[in-house]
Amino acid sequence: MTVTAVPDTSPPVERGWYKRNEIAITPWLFLLPAMLFFAVYVIIPIGQSFWISFHQWDGLGEKTWVGTANYERLLGIGDQNIDRKFETSFWNNIKWLILYLLAIPLGLFISLFLNQTVRGIRLYKSLFFFPFVISQVVVGLVFSWFYLPNVGLFDQMTGFFGFQIKGGMLGNPDWATYGIIMAGLWPQTAYCMILYLTGLNAVDPEQVEAARLDGAKGWKMLWYVIIPQLKPATFIAFVVTIIGALRSFDLISVMTNGGPFGSTRVLSFYMFEEALSEFGFRMGYGSAIAVVLFFIMLGFIIYFLWSMYQDEKGGR
């Protein structure tokens, strides 16, 4: 007996607009809350900082439009001399940028040491990881005691070697900035170490074994086999370290409060002094400093993003 299929003559079910576009829309619905928070707490405040930088404002009364006067005063454009406090802050930020990058190779070499299977390695990892989890304020206090003139451990050690800093590390205008940078390197090195430890777990063992068969070892193995595979970790370490160097505020506030004689100011601290400190409330001028700092950060980040894009493009 032959069974004949009866064709379905019912009209097709009409699907709604969302059902037709569900696959394309659903990811954006998940991203929407994060995008709203980012817009409200990051993008809009950046735009407001730009707007306020063209005004003279005490934070409470009416804003007075001054155009680019804040930038002219800041950078010494026209018949004005450059703001000496800004100049000191800018060059201190350059020192921070250069010396803070030492955290990256230090973190790499510590991670190579800790990436071993020897007895007690978990204890060593915990000791090196410890600076990362404590507050920057605590780091600042610890190093302030460490640098105390005459009684501090640093002065005791330098005195043993016959080298003494007049006024102590934090009391000497020529040395204070370097002392704070040394304090900042302690937790930053721990952060870079964590990044590289994570990256080392993703290193391809087959490439390492192939390199050993070809006779590579020591520095050649590190430079030509290990480091190229750590590029993502290195990129993150560079970006985070540069941002940390440019926004270095808390250590300076705790350890010297910008002194002695304003010699340890950086742009973020000078922005705070002008806009929010007891003798400040020059919101327009403080916003102009913030805008300059923002563009410096943006320049570095764009450079590293472009470099990473070129590497990815060349690797295809």
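The values are calculated or read from the model by the stated rules, or taken from the named source; none is laboratory data. Nothing here was measured: the structure is a model prediction, and the numbers come from that model. Positions of Cβ are backbone-derived with ideal geometry, glycine not excepted, and every protein chain shown enters the neighbour counts.
Miscellaneous remarks
- R247 vs. criteria under 30 Å from G171 (Cα atoms), surrounded by 20 or more Cβ atoms within 10 Å (Cβ to Cβ) and not polar (S, T, N, Q): no
- All of (1) in a helix (DSSP H, G or I); (2) in contact (Cβ under 8 Å) with a residue 24 or more places away in the chain hold for R265 with one exception: (1).
- The residues in segment 144-195 that are surrounded by 16 or more Cβ atoms within 10 Å (Cβ to Cβ), touching a Phe, Trp or Tyr at 6+ places or on another chain (Cβ under 9 Å) and either of a type in the set (D, E, K, R) or farther than 15 Å from T264 by Cβ (or both) can be counted, and the count is 14.
- S263 being at pLDDT 90 or above, surrounded by fewer than 17 Cβ atoms within 10 Å (Cβ to Cβ) and closer than 30 Å to W145 by Cα: yes
- Every listed requirement among (1) part of a loop (DSSP other than H, G, I, E, B); (2) buried (at least 17 other Cβ atoms within 10 Å of the Cβ); (3) among the small types (G, A, S) is met by G107 save one, (1).
- Hey, I82 surrounded by 13 or more Cβ atoms within 10 Å (Cβ to Cβ), among the aliphatic types (A, V, I, L, M) and in a helix (DSSP H, G or I) or not: no
- Which numbered condition T158 fails, given (1) in contact with a helix residue (DSSP H, G or I) (Cβ under 7 Å, 6 or more places away or on another chain); (2) over 22 Å from D250 (Cα atoms): (1)
- Any chance I242 is farther than 30 Å from V66 by Cα and either over 21 Å from the mean Cα position of the chain (by Cα) or surrounded by fewer than 16 Cβ atoms within 10 Å (Cβ to Cβ) (or both): no
- Within segment 137-152, the set of residues being in a helix (DSSP H, G or I) and either of a type in the set (F, W, Y) or more than 14 Å from A183 (Cα to Cα) (or both) comprises F143, W145, F146.
- Of all residues in segment 81-114, those satisfying the criterion of being modelled with pLDDT of 85 or more and among the polar types (S, T, N, Q) are T88, S89, N92, N93, S111.
- In segment 59-70, the condition of being of a type in the set (S, T, N, Q) and assigned to a loop (DSSP other than H, G, I, E, B) is met by at least one residue.
- Some residue of segment 204-225 being under 26 Å from N92 (Cβ atoms) and either aliphatic (A, V, I, L, M) or buried (at least 19 other Cβ atoms within 10 Å of the Cβ) (or both): no
- Entry remark, segment 110-128: residues being exposed (fewer than 13 other Cβ atoms within 10 Å of the Cβ) and among the charged types (D, E, K, R) number 2 in total.
- Checklist (1) more than 14 Å from the chain's Cα centre (by Cα); (2) closer than 14 Å to L112 by Cα applied to P205, failing item: (2)
- The set of residues from segment 194-231 being under 17 Å from P105 (Cβ atoms) and small (G, A, S) comprises G199, G218.
- Which numbered condition Q310 fails, given (1) part of a helix (DSSP H, G or I); (2) in contact with a Lys or Arg (Cβ under 9 Å, 6 or more places away or on another chain): (2)
- All positions within segment 131-181 that are of a type in the set (A, V, I, L, M) and over 27 Å from the mean Cα position of the chain (by Cα): L148, V151, L153, M157, I165
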